[in-house]
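All remarks here apply to the structure that follows.
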C-alpha cells in the first residue's frame, strides 16, 4: 500500500523515507482535508461567477417569460403561458423556426461537405499548401460585425463589388438585389456564412485527417482500393468523430445566429432573414416587451438544450465513451 | 491580527468620505469662480452627432466649456442613431443613465421619467429656459414639467434635386398628393429614380404613412388615436391606400428594401449623389447628404408634404421634432451649467451657422444663411398643427409596430387595413 503512495514516487527509491506509522496516516488525513480546502478555494470564484452570470440569468429569464414586463423594476403582471401561446401564433417567430431549420440543413448539407472537400484537397502534397490553409481560415478570424459591414458593401445593388464584377464579365443576369431581395436574402446570407465559417470546419477536418495513420491508407492502396474507396472506407470512418463535433458546432451556431443578420439586414426585408435571436432583440430592446423577449430566449434555450442533449446521447456517445475508456486505460 | 482589518475599514471609510466630499464640493463649485476645491467633476455627454461637421463643432464646444469651467471635464460618448436607441434601452433597464443624454422627448422620455431616472429641470433651468422658442420645448414637457432642453427643432419634408426636376419638366414642387404622384410619374418617364428610401431602417418609411394620416385625418388625429387605442378609422386606412398608390409606381431606388439611411450606399447618399430625385427627411438631411454622398449644394430644394385632396389636414401642419438633452436624476450642477451654456445665444448661433440646425434661441434666427433651412424655419413658424415623430411620441412597442407595419405595407405583405389593425392591437396591448 505504501509503495503506491504518491510522495514515495516523488522522492524516489534512493531517498531516505521516514518510517510509515500512525503519524503518516494522520498526515494523510490532514493532506486530504487540505486538498479539499484547496479545491474549494480554487473553485469558489469560478462557481460564483457561473452562478451569478450564467445560472441566475437563465433562471430569471425563465421566470420573466411568464410576465408582461417592460424591463423596469421587478416583473409583477403575471400572465401565465400567454407569452408562449402568442409566440407560437406569431408568423414571424414561426418563420424564424423555419429559417433556422433551412440554415441548419444548408450548413450540414452544403457548407460542411465543402469544408471537407477543401480539407482533403489541402491535405495533399501541394505547393503553397500552408498559404492556402491560412487564406481559407482567415475569414473566421474576422468578427461577425466586420464581416457583415464588408458584405453589405460587396452586395450593395449596382454599386457593390459583386454586381460590378458580374457586370464586367458579362454576367449581369446573375447580379441582383442580394440582401434587399426577399427571395434572395437567405441565399446571400448563407453564402456569407459559408465564406466565414467553412475555413474553421476545414481546419477541424485537417487536424482530424492528420491523425489518421498513413499505414491504413497505404494498406488500402496495396489492396487495390481506388481514391474514392480509400476516402469512403478509410478516411471518412476515421474522421467521423471530428465530423460529429463539427456538425454539432454548426447546428448550435445556426440556432444562435444574430450578429451577421443584424448588421447586414436587421432581419429584413420584411422579416425574410429574421432569426430567433433577432426577433428576441427586436422585442427586448426595441419594443421594451422584455417578458415576451424572455419567452423567445427560453424557447431558443430549450431548442439548443434538447438538441445538445439528444446529440450527445445518441450521436456523440461513442466518441465520449472512447474518451473515457482511453483515460481509464491510461490510469492502469 | 485585528489591526490591518481595522485600518482597511478605516481606509475605505476615509476614501468614501473623500469621494462624497469631492462630489459635493465640485457640485457647489460649478460656478466657475468658486475655486477653493481641487476636485474635478467629469460629466458624460452622450449624443448621436457622429457625422461631420457637427461632431467636430460639438467637441470644440465641449472644450470651450471646459476652458470656462476648469473644474469640469466632459467625456463625450457618441453613437449612431439606432445603436444609441438600443443602448439607451439597455441602460434604462439597468436603472442608470448618463449625466447628459440626447433625447427626442415624447413616449420614450416619459418611460424614462416614469422609471425615476430623469432629473426634473423645471426649477434648475428656470433662469434660461424661459427665453427659448416655445414650440421647441414642447416634446420635453411632460405633465407641465421640464425634462429636457432643446438644441434643435425641425420638421420632415421633401428634399429634392432641382436640376432633376427641371430635366423632367417639373417647374413647381407639387402641393397636392395627386400632383406629387404625377411628378413621380414624370421623373420615372425621364429614367430618373424619383425617391430614395432606407427600407432596412424602417423609420424613414414611417414618415410617409404618418404624414398621409395627418393629411387625411388632421394633425390631432394621430395623438387621439393613440390615446383611444384605435387606429381603425377610415382616414387611417385611406392613408395606407395613398401610400400604396405611391408604392405601386415603384418610385424607390434599386434595392431600397435593404438600404440603410446614412451609409455610402444608403438613402441620403442616393440623393446627395444625384441618383434619386427626392427623399422625405428631416432638417438634418442636407448635412447627411453631404457627409455620406457628394451633396447637392444649390441644386437642393425643400417643399412641405403635399395636402391630400378631401383630407382634413392642411399643408401647414408639420410632422417633426427636434433634439434635446436631458439629465439623469441626481446629475451634478455642472451638467445643468452645460445645458445653460449649450442653450446660450452664442452657442446657438454657432450651431445654426456650422451644423445646420434650426435655432431654439429666437435671437439666433438671423444666423441662418442657408435658404433651405430658412424655408424649413418659415414652415415651422407658420405651423398650424404639430405632431412629434411617432416612434418617439408613442410607447416604443406601438412606435415600432407602426414602423414595422408600414415597412410591410411598402414591401407588399400587409394591406392598408391590416396596418391599422396591427397598430391598434399593439396600442391595446400597451396598457
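Considering region B:347-371 alone, what residues qualify as being at negative phi and surrounded by 23 or more Cβ atoms within 10 Å (Cβ to Cβ)?
Initial filter on region B:347-371 (at negative phi): B:347-355, B:357-371.
Of everything in region B:347-371, those that are at negative phi and surrounded by 23 or more Cβ atoms within 10 Å (Cβ to Cβ) turn out to be B:348, B:351, B:352, B:357, B:358, B:359, B:360, B:361.
Examine region B:370-387 for a residue that is more than 12 Å from chain A (Cβ to nearest Cβ) and more than 22 Å from residue B:317 (Cα to Cα), and state whether such a residue exists. Let's see the steps before the verdict.
Let us first name the residues in region B:370-387 that are more than 12 Å from chain A (Cβ to nearest Cβ), namely B:370-387.
Keeping just the survivors that are more than 22 Å from residue B:317 (Cα to Cα) gives B:370.
Looking for residues that are more than 12 Å from chain A (Cβ to nearest Cβ) and more than 22 Å from residue B:317 (Cα to Cα), one finds at least one in region B:370-387, hence yes.
Filter the helices (runs of 4 or more DSSP H) completely within region A:45-132 down to those with at least 2 residues that are at pLDDT 90 or above and under 22 Å from the mean Cα position of the chain (by Cα).
Values: elements: A:56-64, A:82-87, A:91-106, A:112-121.
Hits in region A:45-132: A:56-64, A:91-106, A:112-121.
In this structure, does residue A:84 turn out to be surrounded by 15 or more Cβ atoms within 10 Å (Cβ to Cβ), in contact with a helix residue (DSSP H, G or I) (Cβ under 9 Å, 6 or more places away or on another chain) and away from chain B (no Cβ under 14 Å)? Explain how you work it out, then say what you get.
Working: surrounded by 15 or more Cβ atoms within 10 Å (Cβ to Cβ): yes; in contact with a helix residue (DSSP H, G or I) (Cβ under 9 Å, 6 or more places away or on another chain): yes; away from chain B (no Cβ under 14 Å): yes.
In short, yes.
How many of the residues in region A:156-190 are surrounded by 15 or more Cβ atoms within 10 Å (Cβ to Cβ), free of Cβ contacts under 8 Å to residues at least 40 places away in the same chain and away from chain B (no Cβ under 14 Å)?
1
Hey, any hits in region B:308-324 for a residue that's within 14 Å of another protein chain (Cβ to nearest Cβ) and either in a loop (DSSP other than H, G, I, E, B) or crowded, with 22+ Cβ neighbours inside 10 Å (or both)? First the steps, then the outcome.
Taking region B:308-324 and keeping what is within 14 Å of another protein chain (Cβ to nearest Cβ), we get none.
There is no residue in region B:308-324 that is within 14 Å of another protein chain (Cβ to nearest Cβ) and either in a loop (DSSP other than H, G, I, E, B) or crowded, with 22+ Cβ neighbours inside 10 Å (or both).
Which of (1) more than 20 Å from residue B:132 (Cα to Cα); (2) in a helix (DSSP H, G or I); (3) in the same structural domain as residue B:72 (by TED's automatic domain parsing) does residue B:351 not meet, given it meets every other one?
Tallying (1) more than 20 Å from residue B:132 (Cα to Cα); (2) in a helix (DSSP H, G or I); (3) in the same structural domain as residue B:72 (by TED's automatic domain parsing), residue B:351 fails exactly one: (1).
Residue B:82 fails exactly one of the following numbered conditions: (1) within 14 Å of chain A (Cβ to nearest Cβ); (2) surrounded by 15 or more Cβ atoms within 10 Å (Cβ to Cβ); (3) over 24 Å from residue A:262 (Cα atoms); (4) in contact (Cβ under 8 Å) with a residue 60 or more places away in the chain. What is the number of that condition?
(3) is the only condition that residue B:82 fails.
Report yes if residue B:425 is at pLDDT below 90, under 26 Å from residue A:71 (Cα atoms), surrounded by fewer than 24 Cβ atoms within 10 Å (Cβ to Cβ) and assigned by TED's automatic domain parsing to the domain that holds residue B:230, otherwise no. Write out each step before concluding.
On the way: at pLDDT below 90: no; under 26 Å from residue A:71 (Cα atoms): yes; surrounded by fewer than 24 Cβ atoms within 10 Å (Cβ to Cβ): yes; assigned by TED's automatic domain parsing to the domain that holds residue B:230: yes.
Against the criterion (at pLDDT below 90, under 26 Å from residue A:71 (Cα atoms), surrounded by fewer than 24 Cβ atoms within 10 Å (Cβ to Cβ) and assigned by TED's automatic domain parsing to the domain that holds residue B:230), residue B:425 does not qualify.
What is the number of the single condition among (1) farther than 21 Å from residue B:398 by Cβ; (2) at pLDDT 85 or above; (3) surrounded by fewer than 20 Cβ atoms within 10 Å (Cβ to Cβ) that residue B:114 does not meet?
Of (1) farther than 21 Å from residue B:398 by Cβ; (2) at pLDDT 85 or above; (3) surrounded by fewer than 20 Cβ atoms within 10 Å (Cβ to Cβ), only one is false for residue B:114: (1).
Tell me which residues, restricted to region B:51-86, are assigned to a strand (DSSP E or B) and under 30 Å from residue B:203 (Cα atoms).
Applying the first criterion (assigned to a strand (DSSP E or B)) to region B:51-86 yields B:72-78.
Listed by number, the residues that qualify are B:75, B:76, B:77, B:78.
Listed here are the residues, each with its yes/no results for (1) under 17 Å from residue A:185 (Cβ atoms); (2) buried (at least 24 other Cβ atoms within 10 Å of the Cβ); (3) facing chain B (nearest Cβ under 8 Å).
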| site | (1), (2), (3) |
| --- | --- |
| A:263 | yes, no, no |
| A:269 | yes, yes, yes |
| A:291 | no, yes, no |
| A:296 | no, yes, no |
| A:307 | no, no, no |
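Please give the number of the condition residue B:60 fails out of (1) more than 14 Å from chain A (Cβ to nearest Cβ); (2) surrounded by 20 or more Cβ atoms within 10 Å (Cβ to Cβ).
Condition not satisfied by residue B:60: (2).
Just for helices (runs of 4 or more DSSP H) wholly inside region B:87-202: which have at least 2 residues that are closer than 30 Å to residue B:362 by Cα?
B:106-114, B:126-129, B:134-137
The values are calculated or read from the model by the stated rules, or taken from the named source; none is laboratory data. Computed from a prediction, not measured in an experiment: that's the story for all the values here. Heads up, the Cβs are rebuilt from the backbone with ideal geometry, glycines too, and the neighbour counts pull from every protein chain shown.
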